[in-house]
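The structure appears below as structure tokens.
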Amino acid sequence: MKTWILKALESARRLEKEGYEFYMNASKSTNNGGGKEMFRFLASEESRHYETVNNYIRTLGGNPLEMKDEEIAQSGFFSKAEGGRLWDKSDNLDALNISIQAEDRSIELYSKIHDQTEDLSLKLAMNTLIDEEKKHKSILEKETEFITETGEYHDFKTITS
């Protein structure tokens, strides 16, 4: 069971790395200030989640890594959106839809880890990550709705307060 948990956490770590890079690229690619702020916020959250997962890998005897931008492999879920600029409504909606799917994938993975482990500390950490990923998904869904209706992002502070 420990081997399975370690492999699942390594997948989670990779997903968080890819999410960080995707959100940083999206923040640079959009022309909208609210979009930039939202994507930067999500990137910082992914970085923090990466550290949480990395610490549990270390605790379980796995190999912790230092996140370095140049080492981030775009081989997974987020890589579908690499490249391009978020110039128009459809580009922004594509980025948001990919992000929502990735948040769902994170929720699913953290839920599986939660259900498979007997470590109470790890269960608590997974619950926290699940709740945070659900909040991220909610932010992204609100933005998708708003962009669909207006073609613009919210003022980011209004949807996080």
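Readers should treat all values here as calculations from the given coordinates under stated rules, not as data from a laboratory. Remember, it's a predicted structure, so these values are computed and weren't measured experimentally. Reconstructed Cβ throughout: ideal geometry from the backbone, glycine too, with neighbour counts over all protein chains shown.
Set the bar at 20 Å for Cα to Cα. Now go through K17/K142; K36/K135; K7/K28; K7/K134; K112/K142; K36/K142 and name every pair that lies beyond it. Before the final figure, lay out the partial values.
Details: K17/K142 24 Å; K36/K135 18 Å; K7/K28 32 Å; K7/K134 23 Å; K112/K142 26 Å; K36/K142 15 Å.
In this structure, K17/K142; K7/K28; K7/K134; K112/K142 lie more than 20 Å apart at Cα.
Arrange the following residues from fewest to most other Cβ atoms within 10 Å of their Cβ: K28, K123.
Details: K28 12, K123 15.
Fewest-to-most ranking of K28, K123: K28, K123.
Calculate one ³J(HN,Hα) per residue across the stretch 136-145 by plugging θ = phi - 60° into the Karplus curve 6.51 cos²θ - 1.76 cosθ + 1.60, and present them in order as whole Hz with x for glycine and proline.
Those phi angles translate into 4, 4, 4, 4, 5, 5, 4, 5, 4, 4 Hz.
Which order, highest average first, do 139-150, 49-60 follow once you tally other Cβ atoms within 10 Å for each residue and take the mean per peptide? Provide the component values of the computation, followed by the final result.
Values: 139-150: 16.3, 49-60: 18.5.
Per-residue Cβ counts within 10 Å, averaged per peptide and sorted highest first, yield 49-60, 139-150.
Would you grab the residues whose amide H sits under 5 Å from the one on T30? Only those 5+ places off in sequence or on another chain, please, with H modelled 1.01 Å from N.
Result for T30 returns L86.
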